[in-house]
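This report refers to the structure that appears directly beneath it.
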Amino acid sequence: MDYLQIDESPVKVLDPEVKGKAAQGYLWFYSAPGGYVFLEFHQSRGRDGPRERLRGFRGTYADDGYELYDALRKEQPHRLKRIGCTSHAGASSIKPCSNPASEASVVYRADASTLSLERETQGLRSPRAAPRADSKKPPPSGWP
């Protein structure tokens, strides 16, 4: 396997050491497109969890632009290649945009049209598409 999509999401968890409220934790998602999604819980958004998970991985990963992912790539530039996610590119590139003719606004417009196309085609699936993750196919060897 040489391509993964990685993301993390905050979750509230019950912790016996935290009295009266839920504690903050993070679910880390590792996905091979058309395949399985691996979920892993960590109490922090720090690099220890993904660093350990990517220890045996060699290839390219896509992420949402969180700076931790670039730090991981810099630790092992000979093994890890990082690419961004186009659905996050518009939101991050529009903030510094003050000139409507700038490259950032062009990227944002292209991204908006992509999102519009995704909405129009939602639910359609090509017969040539990769199998869904819920297929009976076993996970790939070396899966994180």
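Data table
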read-out	value
Set PRO77, PRO50: member being in a helix (DSSP H, G or I) and either at pLDDT 60 or above or touching a helix residue (DSSP H, G or I) at 6+ places or on another chain (Cβ under 6 Å) (or both)	PRO50
Pairs where the first residue, in region 5-25, is within 19 Å of ASP48 (Cα to Cα) and the second is basic (Lys, Arg) and assigned to a strand (DSSP E or B), C-beta under 7 Å, 6+ apart	GLN24/LYS12
Of the criteria (1) surrounded by 15 or more Cβ atoms within 10 Å (Cβ to Cβ); (2) at pLDDT 90 or above, which one SER9 fails	(1)
Top-ranked residue in region 12-56 [being over 20 Å from LEU68 (Cβ atoms) and of a type in the set (D, E, K, R); ranked as surrounded by the most Cβ atoms within 10 Å (Cβ to Cβ)]	ASP15
Residue satisfying all of: in region 32-72; touching a residue at least 24 places away in the same chain (Cβ under 8 Å) and among the aliphatic types (A, V, I, L, M); farthest from GLN5 (Cα to Cα) among these	ALA71
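The values are calculated or read from the model by the stated rules, or taken from the named source; none is laboratory data. For clarity, every value in this text was computed on a predicted model and none was experimentally measured. Glycine also receives a Cβ, built like all others from the backbone with ideal geometry; neighbour counts cover every protein chain displayed.
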